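Only one structure is covered here, and it is reproduced in the block below.
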Amino acid sequence: MNTQSLVYLLGGVVGTLVITGAAFAIGAVLGAPVAWAQRSRFFPVRALIRTYVEIIRAVPPLVWIFVVFFGLPEVGVSLQPLTAAIVTLGVIASSYLAEIYRGGLAAIHRGQWEACAALGMSGLDTARHVVAPQVLRVILPTAATYLIGLLKDSALASAIGVAEIAFRANAETQRTGLGLTFFVAAGVLYVLLSLPLAAMSRRLDSRIRARYAMT
């Protein structure tokens, strides 16, 4: 692998990080109301949201990417490859993160809500100062694991021409025939990107636990 090929491959890191970060942000935001709706008192709402989550999770991400990129133009909605990848993975992330949020909320005993209400705390204050820190502590490891998985899933965007790491590794393989070299290098890049995320997750988890530890 020469310097020019290495620089070209490294250029795909930007695309990978953009897809991963943007899709996770979309999923984190959309996942919250989805998780909350699953706790609705109204059965039709719960059933509808549950169906949404199950359908999104049941279909492979690559199929959803093809549906969005190749299928939506048939109904007049055309998206650029990068936008299609981000939107698709973001919606998929919302379903997975909603389940993670739901598990975190389920870990909070109902008595804490009742105790906060008895103390005269508003719902917003209860959520911000009592519930949110505990939920964050519960969901952080799982959310971080999903983020690392999403980083790897970003490689699926190469199927619709997004110039991220996998796409560039494939392009250089087609040009030079050195598939082992370039795809091993791509694998190393994914590992190098994943390790800091795992380390940051552990550090943040330790800080949260130390801050909210019971004395």
Practice problem: Scan segment 118-125 and give yes if some residue there is assigned to a helix (DSSP H, G or I), modelled with pLDDT under 75 and either in contact with a helix residue (DSSP H, G or I) (Cβ under 7 Å, 6 or more places away or on another chain) or under 18 Å from Arg39 (Cβ atoms) (or both), otherwise no. | Solution: yes
Quiz item: Would you call Ala185 closer than 21 Å to Leu89 by Cα, surrounded by 14 or more Cβ atoms within 10 Å (Cβ to Cβ) and modelled with pLDDT of 85 or more?
Solution: no
Quiz prompt | Residue in segment 1-28 that is modelled with the lowest pLDDT, counting only those that are out of contact with any Ser or Thr (no Cβ under 8 Å at 6 or more places or on another chain) and β-branched (Val, Ile, Thr) | solution = Thr3
Quiz item: Just one of Val75, Val59, Val63 is exposed (fewer than 14 other Cβ atoms within 10 Å of the Cβ), more than 22 Å from Ala155 (Cβ to Cβ) and at pLDDT 90 or above; which is it?
Solution: Val75
Quiz prompt | Set Arg50, Arg41: member being in a helix (DSSP H, G or I), farther than 18 Å from Gly161 by Cβ, at pLDDT below 95 and of a type in the set (Lys, Arg) | solution = Arg50
Exercise. Determine whether segment 21-39 contains at least one residue that is aromatic (Phe, Trp, Tyr) and in contact with a Lys or Arg (Cβ under 8 Å, 6 or more places away or on another chain).
Key: no
Self-check item: Answer residue from segment 131-163, given it is within 30 Å of Arg102 (Cα to Cα) and of a type in the set (S, T, N, Q) and is surrounded by the fewest Cβ atoms within 10 Å (Cβ to Cβ) among those
Solution: Thr145
Quiz prompt | Residue that is out of contact with any strand residue (DSSP E or B) (no Cβ under 8 Å at 6 or more places or on another chain) and touching a residue at least 24 places away in the same chain (Cβ under 8 Å), where the choices are Glu99, Glu74 | solution = Glu99
Exercise. Check off (1) more than 23 Å from Val18 (Cβ to Cβ); (2) in contact (Cβ under 8 Å) with a residue 12 or more places away in the chain; (3) of a type outside the set (D, E, K, R) for Pro61 and give me the number that stays unchecked.
Key: (1)
Self-check item: Test result for Leu30, within 22 Å of Ile165 (Cβ to Cβ) and hydrophobic (A, V, I, L, M, F, W, C)
Solution: no
Quiz prompt | Criterion violated by Gln174 - all others in (1) in a helix (DSSP H, G or I); (2) closer than 22 Å to Ala23 by Cα satisfied | solution = (2)
Self-check item: Residue within segment 164-175 that is exposed (fewer than 13 other Cβ atoms within 10 Å of the Cβ), farther than 26 Å from Ile92 by Cβ, modelled with pLDDT under 85 and not acidic (Asp, Glu) present
Solution: no
Self-check item: Number of the exception - Leu79 against (1) touching a Phe, Trp or Tyr at 6+ places or on another chain (Cβ under 7 Å); (2) assigned to a helix (DSSP H, G or I)
Solution: (2)
Exercise. Check whether at least one residue in segment 64-76 is of a type in the set (Asp, Glu), farther than 23 Å from Pro33 by Cα, assigned to a helix (DSSP H, G or I) and over 15 Å from the mean Cα position of the chain (by Cα), and report yes or no.
Key: yes
Practice problem: Under 9 Å between Cβ atoms, at least 6 apart or on separate chains: pull out the pairs that start in segment 128-147 with a residue that is closer than 16 Å to Ser201 by Cα and end on any residue that is among the aromatic types (Phe, Trp, Tyr) and surrounded by 15 or more Cβ atoms within 10 Å (Cβ to Cβ). | Solution: Val135/Tyr101; Ile139/Tyr101; Ala143/Phe24; Ala143/Tyr101; Tyr146/Phe24; Tyr146/Tyr96; Leu147/Phe24
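The values are calculated or read from the model by the stated rules, or taken from the named source; none is laboratory data. Quick caveat, the model's predicted, so the values are computed rather than measured. Heads up, the Cβs are rebuilt from the backbone with ideal geometry, glycines too, and the neighbour counts pull from every protein chain shown.
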